[in-house]
Amino acid sequence: MTHRIKIKKKDTIEEIKCNDGDVLLKVLLENNYDINAYCGGEGICGKCKVKLSGKKIKRPKEQEMIFIDQKELKEGYRLSCLYKVDNDLEVNLKEQEEITVMTGGIITELDLDLDLSKETVKLSKATLDNQKDYLQRIYEKTDTKKINYKYLIKIPNLIKNNELTVLKYKEKILDIDTKNKNNNFYGLAVDIGTTTIVIYLLDLKTGEEIDVNSFYNPQKKYGADVISRINYTQNNENGIKEIKEVLIKQLNKGIKKLTKDNGLTNDDIYKVSIVGNTIMLHLLLGIDALSIAKSPYVPVFTEELELNSNEIGLNINQNAIVQILPSISGYVGADIIGDLLTINIDSLKGNNLMIDIGTNGEIVLNKGNEIYSCSAAAGPAFEGANITFGTAGISGAISEFTIEGKEFKYSTINSKEPIGICGSGLLDIIAELYKYGFIESSGKIEDQKKLKPWQKGYLKDYNGQRAIKITNKDSSKEIYLTQQDIREVQLAKGAIAAGIEILLQKTNLKADALDRVFLAGGFGSYINPDKACYIKMIPSILKDKIIQIGNGAGTGAKIYLLNKKAKNRALKIKEKVNYIELSVNKKFQTEYINSMSF
């Protein structure tokens, strides 16, 4: 038996069909509708909530009621991952809000020294006294030694012009044509994050950044974290292909926007450098990443890869060079190599800590020539997942929070009506509530009888949980921080703090011996460092040594794109870094438990 589902989205209505008993979330994903499913459809994040209408809407399961309040229940809200379709339905889908993505980085000199060039050459005229073959003449003019057969056979039709345009990479001719009519010569630096993607457009003749485009990683609908996405690839027959294709399609869409906005064509893109965590890079290439998800956590590859654009499906010049930066391990990826290139870890003096806080917390510490790294499973709490009113950095997300006098004060992204709490706001809220005694050092919300009279009105019950109301009476939406939300933050910040401590122990350093602390990544760049130190996510003694570097991974990708020496630098850094696997480190669990306290 089949059922009809009407999809209402803004001003449009579309109709799709499904079989009796199909899970609604799966039906929506298979029909290419964007919907958040941070937990991968396990029914534990509450983010795939949709509004249903029809003749017979089933009662929610007990599990759903954690995420659906009484008002939403009456309006027909259900979790799509737990709803099995048994009759015709109408589904109301909200438009996906544009996310605020950290695209900037610390100002670093981008030294232009390419191993790829596009140049016009004039061949010397052949005579009876000079019968040197035409290929040799081209080789000498371009300082090359190799050419593909498909371009070799073009030469007889091209030499009539004497002036040729040659695209070369190192010592190899990639393309050859008559005198260049199009002098466009551009490249892309791409940062594929678990939650967001950033594409930078750069002029390869000057090294200038021309434009940038950022957007959600479309794979978020298969899970907020990399393990959920790996699970999707294993539980669905064409999962690996599907999760790759949705990413490539979005990348091509982002590239098309950049070229169109700047009066270019996709054919003007000749080189691409890509960073991302190790699992993201596997999924980009359609490679099964299951081996990273289970012990001993070994990737299929960590080396730098050099590919042709056609091999992975990017719609750019067919001769373009696509370079994927090397990774360090299964859980410290090419994005961290990008960060380390950005801060010049290979020439940095003293003792330095670098933390890239995202869905995972990758931490690197160098003591002189020694470099150690680890990955702390912070979870996606700071990305808005697993938080009752958590959201990404979209319009209306509470991004800053203070308690002034006896009132809660907050700011939202783009000054819109509050709709939820993003990572920076979450950290602010926790720190302020702890500072003013709403939360004990253990993370427990204080008993009402121990609160001051002005504080008691903020203490509420939300769906059976103790909670603190964050929004004021002027807000159209009531937003709460629950006891479980606080626990999620404790798990995340505890993992990062414990990872830092393990690296300090490994290098026999105390926190005060560190000269600098670099914070990278979207969350790391938006947070208030003082608040991070106040809740002991970062040792408080380091408060005045923190440097926020913005999108260090993206900046590293730009360095790699523009300078051929960066490849050797990246490979040397990779070989120098000693990775510590925290899951087998005997001291980590103790430090983790100790680090959960505020």
Expressed in nm to one decimal, what extension gain is obtained for the pair Tyr149 and Asp111 from 0.36 nm per residue of sequence separation less their Cα-Cα distance?
10.3 nm
Taking the square root of 5 times each eigenvalue of the Cα gyration tensor, what semi-axes in Å does the equivalent ellipsoid of the chain have, largest first?
47, 31, 20
Can you show me the helix-derived [θ] at 222 nm for the chain, built from DSSP H runs with n ≥ 4 at -39,500 (n - 2.57) apiece and divided by the number of residues, rounded to the nearest 500.
-8000 deg cm²/dmol
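Can you compute the charge dipole magnitude of the chain about its Cα centre, using +1 on each Lys and Arg Cβ and -1 on each Asp and Glu Cβ, nothing else charged? Give it in debye, rounded to the nearest 20.
Values: 84 positive and 78 negative charges, 91 e Å.
Value, rounded to 20: 440 debye.
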Given a cut-off of under 8 Å on Cα pairs at least six residues apart, what relative contact order in percent is computed for segment 382-488?
25 percent
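GluC sites (Glu not before Pro), restricted to segment 406-451: which are DSSP loop and have at most 11 other Cβ atoms within 10 Å?
none
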Given charges at Cβ of Lys, Arg, Asp, Glu: the chain dipole, positive-most of Phe408, Leu164, Leu52:
Leu52
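Over the chain, what is the mean sequence separation of C-alpha contacts under 8 Å (at least six apart), divided by residue count, expressed as relative contact order in percent?
14 percent
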DSSP beta bridges in the chain: the antiparallel percent, rounded to 5, is 70 percent
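Out of all DSSP beta bridges in segment 188-324, what portion is antiparallel? Express it as a percent rounded to 5.
Among the beta bridges of segment 188-324, antiparallel pairing accounts for roughly 65 percent.
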Among the GluC sites (Glu not before Pro) in segment 217-283, which ones are in a DSSP loop with at most 14 other Cβ atoms within 10 Å of the Cβ? Mind listing them?
Glu237
Restricted to segment 116-178, the DSSP antiparallel beta bridge percent, nearest 5, is 85 percent
May I ask you to list the aspartates and glutamates whose Cα is less than 20 Å away from that of Lys349, ignoring any residue fewer than eight positions away on the same chain?
Glu109, Asp339, Glu370, Asp512, Asp515, Asp544, Glu575
Lys pairs, segment 188-324 - Cα-Cα below 20 angstrom, 8 or more residues apart or on other chains:
21
Subtracting the Cα-Cα distance from 0.36 nm times the residue separation, let me have the gained length for Asp261 to Lys565 in nm, one decimal.
106.3 nm
Most packed first (mean Cβ within 10 Å per residue), the peptides 152-162, 14-24 order as 14-24, 152-162
Order 330-343, 512-525, 475-488 from most to least packed using the mean count of other Cβ atoms within 10 Å.
330-343, 512-525, 475-488
Sort 193-206, 552-565, 252-265 by the packing proxy (mean of other Cβ within 10 Å over each peptide's residues), most packed first.
552-565, 193-206, 252-265
Segment Ile593-Leu348, extension gain: residue separation times 0.36 nm, minus the distance between their alpha carbons:
84.9 nm
For the chain, Cys with no neighbouring Cys Cβ under 4.7 Å
Cys18, Cys48, Cys81, Cys374, Cys422, Cys533
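A short reminder: the numbers here are calculations on the coordinates, not readings from a lab. For clarity, every value in this text was computed on a predicted model and none was experimentally measured. Glycine also receives a Cβ, built like all others from the backbone with ideal geometry; neighbour counts cover every protein chain displayed.
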